[in-house]
Amino acid sequence: METYYYSQFNHAVVHVALFDDVTNAAAIRSRIVQAARNLGVDGNTERKAVNFAFIDARLISSPLHLQTAIYQALLSEAQGQLRTKTVHSEILWALNPTNNITEAIRRYGVSDESTKLIVVRVDVSNTPELQRRMCDIIQGRMVPFQVLSQMTDWSIIKKHYKLDSESALKEVQGNLDRERSIIDNIVVSSVAMKSVMT
Amino acid sequence: MLSSSSSKPPTQQLLQSADLISQGAEAAIYKAYLRQFSTSGHGIGHGAALEALEPVLLKYRFRKHYRHLSLDTSLTRQRIAGEARALMRCMRSGVIVPGIRMVDVNEGVLGIEWIDGKSVRQILPGGAELEDISELGEVDEIHENGAADSIADYGVSRGRTVRMLIGSYSTSVDALMDMIGVEIAKMHLADIIHGDLTTSNMMLRKQTSDLVLIDFGLAYHSTLVEDKAVDLYVLERAFASTHPDSEPLFAGVLSAYEKRMCKHWLPIKKRLDDVRLRGRKRSMVG
Amino acid sequence: MPGRRRESPLKNPSRAYIALGLEGSANKLGAGVIKHAVDGSTEVLSNVRHTYITPPGEGFLPRDTAQHHREWALTVIKDAVAKANITMHDLDCICYTKGPGMGAPLQSVALVARTLSLLYEKPLVGVNHCVGHIEMGRQVTGAQNPVVLYVSGGNTQVIAYSRQCYRIFGETLDIAVGNCLDRFARVINLSNDPSPGYNIEQEAKKGKRLVPLPYTTKGMDVSLSGILTSIEAYTSDRRYRAQGSPCEESEDIITPADLCFSLQETVFSMLVEITERAMAHIGSREVLIVGGVGCNERLQEMMGIMAQERGGLVFATDERFCIDNGIMIAQAGLLSYRMGFQTPLTKSTCTQRFRTDEVHVAWRS
């Protein structure tokens with residue numbers, strides 16, 4: 001698990017963890033859906049339990065990609081300009097190149113088939129036992145972020161960002177490292193500038 | 001949860017904690033860190049050391065009080081958006097430019113990748129303290145790493161071909177001019193006009209020796225041959241006014257540009273000759 | 001004289017010099033007499049002007065303007081000489097506007113200058129109109145080495161002095177700012193008396209609503225023709241009320257006053273912006289506004305705020321010197337005359353195009 005500190009956002013603390021070999025993605029997804037539907041006291045407890053952003057790790061090109069989406073979501077929240085219901089769903093929205101919220105959640109959120117997940121928790125202070133609570137929900141293996149690069153599915157990222165015919169990539173054809181660094185730079189920049197993209 | 005009515009906006013707080021690098025007519029440039037970071041999983045209170053991740057460059061377009069408030073606000077938005085879009089267009093077209101790291105149009109701040117390196121102006125003779133560079137003897141050994149910003153990091157020369165040794169990579173002035181020509185050509189092929197090409201607005205990145213074009217504050221989209229020719233002319237003037245004996249240098253830039261532009265070169269060359277004759281401006285009726 | 005920091009090539013004269021200046025490059029005919037005294041001081045002995053005013057909705061045409069200048073030349077010159085309390089024989093030289101400007105009016109005045117030169121055997125000095133504005137502005141305000149914003153009916157330039165030349169750092173890529181304001185004044189039928197620009201300024205004071213207009217600065221240059229097209233289009237907007245007075249925000253209407261206000265705010269912001277860019281570029285803290293539009297108090301105010309934020313100063317003159325006049329031609333002409341410059345009769349032509357940076361500014365270091 002990694003932790004980021006933001007003094008400019010009232011000392012917000014953001015915890016992120018990467019999981020591999022997740023076996024209960026479908027269950028997680030249905031818990032999120034249930035929590036959103038259930039309005040009573042039960043709903044509250046359940047919402048607390050799943051109060052994270054669950055992100056499909058295959059679509060994240062680098063830790064910076066994730067950090068950038070978190071940053072823009074924090075900024076929107078602080079300015080009272082969230083486009084979605086919570087700062088967690090805002091991270092998913094920030095990751096998606098279009099303005100369609102449903103699409104963002106479908107693409108970047110947890111799906112029934114997900115096996116590689118990133119979990120994000122935005123908090124005002126350090127939450128005790130957070131790591132345990134993450135592990136309570138996710139049946140899988142917490143791995144260090146260095147592993148992320150092996151999980152990334154570059155072809156889907158290229159598709160979502162319409163990068164297949166870009167001259168930047170044609171130029172470095174055959175040089176995989178260079179190509180990935182260019183894609184990462186474009187994707188990170190796109191997330192950062194989403195508010196002024198159009 | 002995080003919004004607070006009493007305290008300053010986050011981006012203002014960020015600027016407050018940042019280092020001011022330079023102050024221009026329309027913007028102030030800062031070096032800042034967007035977040036601090038620990039891998040321990042324990043918080044600040046547990047004594048774990050916090051590291052800052054990569055630095056970013058913040059370009060803060062501050063309020064201009066002579067301008068009507070609503071005009072000022074909308075202009076600042078437009079310009080930040082314009083600069084970000086020009087950078088994105090460059091990136092997608094394979095022009096090497098700084099990546100974008102954060103945008104806050106409400107506060108007028110654009111955060112971009114911090115480029116560790118030196119400007120071409122500083123590297124070339126005449127641009128900075130390297131004026132007597134040709135008097136130094138040639139040094140063959142490769143310097144260990146570029147920890148200190150010394151002359152040795154960037155160049156030691158014999159005559160025309162200054163050798164620049166950065167880490168394990170070395171390049172010559174000719175190769176540098178070549179890179180400049182290629183980057184500008186790629187940018188023009190993407191129909192981006194930089195608007196302020198000078199040797200100060202190009203950097204040689206330390207680790208990779210990439211040539212990075214920077215400061216797209218005046219950039220715009222145009223397909224016109226005229227605009228591209230003027231872009232080149234502005235750079236030619238900048239070379240002439242900053243670097244002694246700039247003619248062969250700029251010729252090197254143009255020849256790489258020509259090669260890269262292929263069939264698009266001829267009309268631009270013709271127009272560049274026109275622009276040189278008339279100066280940048282057309283004659284006006286009083 | 002200003003520019004004392006480095007040694008000036010211009011020495012104090014061994015005797016007093018007096019020059020007559022004649023200006024008629026546009027619709028103002030001016031004659032003025034200036035005196036440079038032994039102690040280096042400068043005195044305006046007279047400054048007379050007559051303006052050709054057209055009916056509302058009409059601009060001035062070269063032929064009619066030239067005719068106006070011919071009709072008024074003798075009256076204006078006689079008046080200037082009489083007010084200066086001198087005779088034509090006391091003059092050292094006769095200065096006239098060589099350009100830039102409208103051809104026919106320039107020629108009428110040059111013809112008068114040539115005639116006087118032959119009659120009284122006085123040398124001629126052809127003067128660049130823009131340099132006249134700059135030198136008079138420096139003289140009146142005492143600004144040492146300012147960035148100059150020259151804004152008039154025919155010119156929009158940001159100028160700075162460098163190595164005996166007034167270098168143009170930025171300028172309009174199409175029409176001049178005065179031209180833009182005047183043409184819009186005609187569209188909404190404002191009076192040309194005393195000047196369309198003055199009436200726009202008064203109207204703008206009543207404006208409240210800022211309508212969006214293109215904002216077109218390109219580096220240190222500006223483009224104004226798109227703004228004119230755009231502001232004109234608002235007069236056929238369904239919200240436009242030609243007779244409407246600006247009222248409460250509750251009503252969604254656009255009045256002529258709103259348009260004047262919007263036009264001024266937008267265009268002047270652009271001008272202040274490019275001026276500031278030039279100041280930052282050359283590291284100057286002073287700015288001098290000259291030319292007819294320079295009388296505009298809102299422009300002066302905006303420039304003042306900008307200069308203040310930079311820790312600098314703005315210098316501006318009032319309508320006597322801002323608006324085209326003869327005295328500025330006399331001032332610039334006498335400066336170059338004292339450096340040994342004369343215009344021989346055979347070369348005493350006019351030119352509609354005459355760039356500010358073509359003049360050799362011999363009198364400054």
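Read the figures in this text as sums done on the coordinates, not as results from a lab. Keep in mind that this is a model prediction, so the values were computed, not measured. Positions of Cβ are backbone-derived with ideal geometry, glycine not excepted, and every protein chain shown enters the neighbour counts.
Which of the trypsin sites (Lys or Arg not before Pro) found in the stretch C:156-253 are in a DSSP loop and have at most 11 neighbouring Cβ atoms, other than their own, within 10 Å?
Within the stretch C:156-253, the qualifying trypsin sites (Lys or Arg not before Pro) (loop, at most 11 other Cβ atoms within 10 Å) are C:ARG163, C:ARG238.
Which angle from 0 to 90°, rounded to the nearest 10, does the C-alpha axis of helix C:103-120 make with the longest principal axis of chain C?
Once rounded, the angle reads 20 degrees.
Apply the membrane-span-like helix rule to chain A: whole DSSP H runs, Cα extent along the own long axis of at least 15 Å, mean Kyte-Doolittle hydropathy at least 0.0. List the helices found. Show your work: numbers first, answer last.
Numbers: long enough: A:25-37 (18 Å, 0.34); A:63-78 (22 Å, 0.44); A:176-192 (24 Å, 0.37).
Passing helices, by number: A:25-37, A:63-78, A:176-192.
If the elastic network links every pair of Cα atoms under 10 Å, which of C:LEU271, C:LEU210, C:LEU106 fluctuates the most in the Gaussian network model of chain C?
C:LEU210
So which lysines can A:LYS194 reach, going by Cα to Cα under 23 Å and dropping same-chain residues fewer than 8 places off?
Within reach: A:LYS85, A:LYS158, A:LYS159, A:LYS162, B:LYS31, B:LYS59.
Using alpha carbons only, how many degrees (0 to 90, rounded to 10) separate the axis of helix C:129-141 from the longest principal axis of chain C?
Once rounded, the angle reads 90 degrees.
Hey, what angle do you get for helix C:326-338 against the long axis of chain C, alpha-carbon based, 0 to 90 degrees rounded to 10?
Between helix and principal axis, roughly 40 degrees.
Report the charge-dipole magnitude of the protein assembly as shown in Debye, nearest 20, computed about the Cα centre from +1 at each Lys and Arg Cβ and -1 at each Asp and Glu Cβ. List each step's numbers first, then the result.
Numbers: 95 positive and 95 negative charges, 276 e Å.
Using Cβ point charges on Lys, Arg, Asp and Glu, the protein assembly as shown gives about 1320 debye.
Treat each spin label as a single point 7 Å out from the Cα along the C-beta direction, and report the C:ASN189 to A:GLN150 distance in nm.
8.2 nm
I need the shape label for the stretch B:10-113. Rule: rounded when a/c is under 1.5, else prolate if a/b > b/c, else oblate, with a, b, c from the alpha carbon gyration tensor.
Working: a/c = 2.56, a/b = 1.54, b/c = 1.67.
It comes out oblate by the Cα gyration axes.
Please arrange C:HIS133, B:HIS194 by how many other C-beta atoms lie within 10 Å of their C-beta, fewest to most. Please list the in-between numbers first.
Working: C:HIS133 34, B:HIS194 29.
Ordered from fewest to most neighbouring Cβ atoms within 10 Å, C:HIS133, B:HIS194 come out as B:HIS194, C:HIS133.
Would you mind ranking C:TYR150, A:TYR6, B:TYR33 so that the residue whose beta carbon has the fewest other beta carbons within 10 Å leads the list? List each step's numbers first, then the result.
Values: C:TYR150 28, A:TYR6 23, B:TYR33 18.
Arranged by neighbour count, lowest to highest, C:TYR150, A:TYR6, B:TYR33 become B:TYR33, A:TYR6, C:TYR150.
Suppose R0 equals 22 Å; then what is the FRET efficiency for B:GLN23 and B:ASP191 from their Cβ-Cβ distance, rounded to the nearest 0.05? Kindly include the intermediate steps, with their values, before the conclusion.
Working: r = 32 Å, r/R0 = 1.45.
The computed FRET efficiency comes out at 0.10.
Just grab the label-to-label distance for B:LEU266 and C:ALA362, each label 7 Å out from Cα along the Cβ direction, in nm (one decimal).
Those two pseudo-labels are separated by 4.9 nm.
Between C:GLN164 and A:ASP164, what FRET efficiency comes out of the Förster formula 1/(1 + (r/R0)^6) with R0 = 56 Å and r the beta carbon distance, rounded to 0.05? Display every interim value, and only then the final one.
Values: r = 59 Å, r/R0 = 1.05.
My answer for the efficiency is 0.45.
For chain C, compute Rh as the Kirkwood radius over C-alpha pairs and then the Stokes-Einstein diffusion coefficient at 10 °C and 1.306 mPa s; write the answer in µm²/s, rounded to an integer. Show your work: numbers first, answer last.
Values: Rh = 21.0 Å.
The calculation lands on 76 µm²/s.
Rank by packing, highest mean first: peptides B:218-230, A:54-66, with packing defined as the count of other Cβ atoms within 10 Å averaged across residues.
Numbers: B:218-230: 17.6, A:54-66: 23.1.
Top of the packing list down: A:54-66, B:218-230.
Using the 10 angstrom Cβ neighbour count as an exposure proxy, how do A:HIS160, B:HIS65 rank, fewest first?
Details: A:HIS160 18, B:HIS65 12.
Ascending number of Cβ neighbours within 10 Å: B:HIS65, A:HIS160.
Once you sort the root eigenvalues of the Cα gyration tensor of chain A as a ≥ b ≥ c, which label holds: rounded (a/c under 1.5), prolate (a/b larger than b/c) or oblate (the other case)?
Prolate, since a/c reaches 1.5 and a/b exceeds b/c.
Using 0.36 nm times the number of residues separating A:ASP123 and A:ASN175, minus their current alpha carbon distance, what extension gain do you get? The partial results should precede the final answer.
Values: separation 52, 0.36 × 52 = 18.72 nm, distance 4.03 nm.
Using 0.36 nm per residue and subtracting the Cα-Cα distance, I get 14.7 nm.
Across the residues of B:93-106, average count of Cβ atoms on other protein chains within 10 Å? Could the numbers behind the result be given before it?
Numbers: counts 4, 8, 2, 3, 2, 2, 12, 11, 9, 8, 11, 8, 3, 4.
Rounded to a whole number, the mean comes out at 6.
Quick one: Cα centre-to-centre distance for the stretch A:8-56 and the stretch B:202-259, in angstrom?
51 Å
Per-residue ellipticity at 222 nm for the protein assembly as shown, helices alone: DSSP H runs ≥ 4 residues times -39500 (n - 2.57), over residue total, nearest 500 deg cm²/dmol?
On the way: 28 runs with 342 residues, N = 849.
Here the helix-only value at 222 nm equals -12500 deg cm²/dmol.
Quick one: if you take sqrt(5λ) for each eigenvalue of the C-alpha gyration tensor of the protein assembly as shown, what semi-axes come out, biggest first, whole angstrom? Let's see the in-between values first.
Values: eigenvalues 750, 216, 99 Å².
After diagonalising the Cα gyration tensor, the semi-axes are 61, 33, 22 Å.
How high is the FRET efficiency between B:ARG205 and C:ARG353 when r is their beta carbon distance and R₀ equals 35 Å, given to the nearest 0.05?
For R0 = 35 Å, the calculated efficiency reads 0.15.
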